[in-house]
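Worksheet for the structure shown next.
The values are calculated or read from the model by the stated rules, or taken from the named source; none is laboratory data. Note that this is a predicted model, so its numbers are computed, not measured. So basically every Cβ, Gly included, is an ideal-geometry build from the backbone, and we count neighbours across all protein chains shown. Surface accessibility is based on the protein's heavy atoms, side chains included, excluding ligands, DNA and RNA. Shrake-Rupley method; radii C 1.70, N 1.55, O 1.52, S 1.80 Å.
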Amino acid sequence: MPPHFGFVFEKAPKMSFQQQKKLLKDFLCYYPRYRKLLIFTLLAAVLSPLAGSISPVIILEALKNYLPAGNTFMVISSMAAVIFLLLAGSVCDYISMRWGAILGYRIEADMRNDLFRHLLTLPFSYYDSERSGTILSRMTNDLTTVSSLAHRAPEIIFSATLRFIFGLGIMFFINWRLACFAILPAPFIILWLHFFQNRMRHSHGEVRRSIADLNAGVDNAIKGVRETQSFTNEKEQYKLFEEKNGALLNRQEILRHLMALFHIGMRLLLHGYSRIFVAIGVVLVLFKMADTAELIVFFMYSHSITFPLMMMAELVEQYQQGMAAFERFRDVMNITPAIRDTPNCLKELPCPLQGKLEIRDLHFKYPSAKEESAEVLKGLSLSVNPGEKIALVGESGAGKTTLGALIPRFYEPDSGEILLDGRNINTYSLELLRSQIGTVSQMPYIFDNSIRENIAIGAPGADDEKITTAAKFAGIHDFIMSLPEQYNSRCGENGVKLSGGQRQRIAIARLFLKSPPILILDEATSALDNESEALVQEAFDKLGADRTTIVIAHRLSTVKDTDRIYCMRSGRIIESGTHAELLEKRGYFYSLYKRAHLPGRSRFIKWKN
């Protein structure tokens, strides 16, 4: 593949000083909880350059005084002191490297915990537009990069700064003329760092975004590999992957170009400085403005100038890379959950919930929709009495599933209100509200855990007896016992090792454990064969006894025994009544019923709501 050299310096978007300050402040707030560990590593980072700065002073004293005087004891003592300081510095470096890395890992773990906890609070609308691969990239790749910065930044800043200050101070004390020449490269290096700062941050951010895009594409392709192979779509999928991979490669090459220029410039400045410094030192020795011992020691101390500057150059690269990753992390953390507990909301029920639902003049459109015509619910009103079983029917796009998602506050209506036992659902805490509502969808998600763990989602901490009772109730116990590992059998990703009916019955077992007073069954049997449907329907009938139940259905045979049927069309209820009453009216429901029972027609009207 030919190289993708886009080496024109694009104008990188600059962050204002206040923006950079805020970003850095958010980053630093993770350190205080590990104050003792931070102080321990910083102490080691201080002692290491201190030990390194004392050694040349001892060597200078030995060269200028002890060696010419033939004082063997002091020469040996000086060398022993130098070796001791070397070992002490090495121990400090070990502490700094090991515990500094542990500090970074702990901060990374805290950030990952915070991110995951925050993700669990975000509404469905966020996940409607964000890809899982992008989220995983932020959770793993980005935070690993931030971890590296978290442990290297304090170490480099303290160690490099003190090494520079100690070395330069002693150099001025020994010979101020040589010391003046020693600091010559510093302003040029600072200018070089400033020139590349924003460009590297922008380029690192582009690479991070490309990695996230590639991860999202791979995640999507792997999840859909059965469809890909079924439709012989491998070439198209590979083409899409190649495009994303090529985009990542292009941005990586641009980044490497920037990094190569940056580091080559630094090497020229630092290596050129070393040679010029030696030349200037020789001239000063010739003119009796310095002696040979001072020149030797100064050359040793020159590393106190060059090495810290090289460390700072390394830090600049890590800082831009880490801050680009942290900025992506913070972008998610700054998303305020649109659905939150209201002040003084009810957290405990004063008495058991009856299950009466009232929906008044409800209007709703999805957050991503901009057109007024995109309104999904248009002034919808209905009521459900405690213990009543009602059905919502209608064609795709009528708003049935949307209404089912508004009741547990997965989305917020634009106007109107939903009352539960006479109280607006906003006055209940989210945890309390959702604990009173159980939902089974057409394709319930099955986690890649054991069957026991999947059922126990309905009541975390439930013992084996309760889990077994729930499985028997859902009619899946006998199947589970036929498996080699029984309740410890793994389900595979999204229940790939289970049939559609088995997944549904596990979902029913969850609901039985949860035992909520309100049930929402959203197309819960539409994807099942007749035998599986009969078994699942029987379990639903037992579960729904004496509970307020909302059945969302396209398959009209499943709503025959409901107390009332609401027919929805274009976000409105256009008629309601019992099954027999609606057929007698010969209205909209009658047309749906006739269409579903035409010879040769599928029992499904449309499969997606």
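Under the simplified labelling scheme, the ASN141-PHE124 pair shows an inter-label distance of 3.0 nm, with each label point 7 Å from Cα along Cα→Cβ.
Here the label points at ASP561 and ALA109, each 7 Å from Cα along the C-beta direction, are separated by 5.3 nm in the simple model. With R₀ fixed at 51 Å, the C-beta to C-beta distance from LEU261 to LYS288 puts the FRET efficiency at about 0.75.
Close amide H pairs (under 5 Å, H built 1.01 Å from N) link ASN449 with CYS491, GLY492, residues at least 5 positions away or on another chain. Take ILE157, project a point 7 Å from its Cα along the Cβ direction, then tell me which residues of the stretch 100-133 have their backbone nitrogen under 17 Å from it. Taking a point 7 Å out along Cα→Cβ of ILE157, the residues of the stretch 100-133 whose backbone N falls under 17 Å are 100-101, 103-105, 107-108. Stretching the chain fully between PHE116 and LYS21 yields a gain of 31.7 nm (0.36 nm per residue, less the alpha carbon separation). Here the simple spin-label model places points 7 Å from the Cα toward Cβ, and for ILE276 and ILE76 these points are separated by 4.5 nm. At a probe radius of 1.4 angstrom, the accessible area of the chain per residue rounds to 52 square angstrom. What separates the Cα centres of the stretch 537-586 and the stretch 199-217 is a distance of 50 Å. Relative to its residue count, the stretch 324-392 spans a Cα convex hull of 192 Å³ per residue.
When the residues TYR445, TYR566 are ordered by accessible surface, computed with a 1.4 Å probe over the protein chains alone, the sequence from largest down reads TYR445, TYR566.
Among the trypsin sites (Lys or Arg not before Pro) within the stretch 429-498, not one is in coil by DSSP while having at most 10 neighbouring Cβ atoms inside 10 Å. Between the beta carbons of ASP546 and HIS194, assuming R0 = 51 Å, the FRET efficiency works out to 0.10 to the nearest 0.05. If R0 is 41 Å, what FRET efficiency do you get for LEU37 and GLU465 from their C-beta distance, rounded to 0.05? According to the calculation, E is roughly 0.35. Expressed as a whole percent, the accessible surface of the chain that belongs to carbon and sulfur atoms is 60, based on a 1.4 Å probe.
Legend: helices of the chain (whole DSSP H runs) are marked when their alpha-carbon atoms reach 24 angstrom or more along the helix axis and their mean Kyte-Doolittle hydropathy is at least 1.0; marked are 35-61, 143-174. For the stretch 295-439, the convex hull spanned by the alpha carbon atoms encloses 200 Å³ per residue.
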